[in-house]
Amino acid sequence: MELKEQFEMWRDVFKIQIDFLRELGVYRLNAAKSSLVAAVASNQLALARIKAQVAQELEGALRRMHRIEGRLRTQSLRITTLARNASFIHNGADMTKARMVSMWAAFRVFERMVPLDQIQASMEIEIQPTARLSDQFVNKYNLTEECETVPDIIDNAYMLVGWLKKMHYLPVRGSKAYLLVMEVFEMLALVAQRQIDVLNQARRQIRENTFKVWNPLILAGLPDTLDVKKLLSAGIKSL
């Protein structure tokens with residue numbers, strides 16, 4: 001599968017997140033209502049009021065799901081363009097300056113959606129001495145200026161990508177540095193498939209009534225809104 005297609009899988013992530021949030025909300029709401037009935041039956045009125053508030057908050061969040069769906073659909077529509085722009089890295093130093101700007105912007109978006117523990121894998125890739133040499137790169141802001149060698153403080157592939165972005169350098173296609181940078185981009189893209197697998201597993205657990213906790217990977221790319229937080233965790237301590 002090409003890099004562009006791998007990044008485009010984030011569209012499926014957002015689609016599945018909508019279904020996951022809806023199913024989780026219904027699951028939590030049913031649990032809250034069941035706890036409310038039990039509290040009333042046992043004459044625990046103070047506890048019953050808490051359960052009722054939790055149920056009302058979850059019902060409200062579910063009614064407002066269209067807002068969350070709209071935001072996730074918007075993100076999904078952006079993915080095609082972002083995936084194309086991120087895949088410009090295939091061209092290495094051969095890409096235009098304008099495409100380099102679009103490529104780094106797309107990289108930043110995907111980078112923010114990926115949990116830190118997934119990024120850490122690229123931090124374990126060491127930089128070979130030959131990948132540090134100045135002839136591995138081209139300065140796209142000044143083509144006549146010789147590039148600097150990679151400083152010793154940059155000690156892994158992920159840091160190398162950040163350094164190149166800051167310096168406005170691009171790796172020469174086929175060079176050692178190019179292969180390292182490609183590996184980092186591919187790692188970011190592959191998180192989408194793992195995200196899909198985790199979400200589908202969580203949905204199965206919801207249907208089986210065995211869902212208790214969620215993998216942090218589920219949170220990647222979700223809108224940071226109050227309703228999402230309620231659907232994920234509101235009242236969980238009291239259910």
Segment 169-197, residues that are buried (at least 18 other Cβ atoms within 10 Å of the Cβ), modelled with pLDDT of 95 or more and not hydrophobic (A, V, I, L, M, F, W, C): Tyr169, Pro171, Ser175, Tyr178
Among residues of segment 161-180, those that are part of a helix (DSSP H, G or I) and in contact with a helix residue (DSSP H, G or I) (Cβ under 6 Å, 6 or more places away or on another chain), counted: 6
Helices (runs of 4 or more DSSP H) (entirely within segment 27-123) containing at least 3 residues that are among the aromatic types (Phe, Trp, Tyr) and under 23 Å from Met159 (Cβ atoms): 97-113
Neighbours by Cβ (under 8 Å, 6+ apart or cross-chain): first from segment 8-23, of a type in the set (Gly, Ala, Ser); second modelled with pLDDT of 85 or more and not in a helix (DSSP H, G or I): none
Output for segment 89-132, where each listed residue is of a type in the set (Phe, Trp, Tyr) and more than 21 Å from Gln193 (Cα to Cα): Trp104
Which listed residue, of Arg99, Arg132, Arg108, is under 30 Å from Ile18 (Cα atoms) and either buried (at least 16 other Cβ atoms within 10 Å of the Cβ) or out of contact with any Pro (no Cβ under 8 Å at 6 or more places or on another chain) (or both): Arg108
Yes/no for Ile127 being among the β-branched types (Val, Ile, Thr), loosely packed, with under 15 Cβ neighbours inside 10 Å and over 17 Å from Met95 (Cα atoms): no
Failed item, numbered, when Ala98 is tested on (1) hydrophobic (A, V, I, L, M, F, W, C); (2) free of Cβ contacts under 8 Å to residues at least 12 places away in the same chain; (3) touching a helix residue (DSSP H, G or I) at 6+ places or on another chain (Cβ under 6 Å): (3)
Number of positions in segment 135-144 that are among the β-branched types (Val, Ile, Thr) and surrounded by 14 or more Cβ atoms within 10 Å (Cβ to Cβ): 1
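Yes/no matrix, rows are residues, columns are (1) surrounded by 16 or more Cβ atoms within 10 Å (Cβ to Cβ); (2) not hydrophobic (A, V, I, L, M, F, W, C):
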{"site": "Gly60", "(1), (2)": "no, yes"}
{"site": "Gly70", "(1), (2)": "no, yes"}
{"site": "Gln75", "(1), (2)": "yes, yes"}
{"site": "Leu116", "(1), (2)": "no, no"}
Among (1) loosely packed, with under 12 Cβ neighbours inside 10 Å; (2) within 19 Å of Phe20 (Cα to Cα); (3) among the hydroxyl-bearing types (Ser, Thr, Tyr), the one test that Ser42 misses: (2)
Residue match in segment 143-164 (condition: β-branched (Val, Ile, Thr), closer than 26 Å to Val109 by Cβ and within 24 Å of the chain's Cα centre (by Cα)): yes
Among the candidates Gly70, Gly92, residue that is touching a strand residue (DSSP E or B) at 6+ places or on another chain (Cβ under 6 Å) and not polar (S, T, N, Q): Gly92
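The values are calculated or read from the model by the stated rules, or taken from the named source; none is laboratory data. Quick caveat: nothing in here was measured; it's all calculated off a predicted structure. A quick note on method: Cβ atoms are made from the backbone with ideal geometry, for glycine too, and the neighbour counts reach across all protein chains shown.
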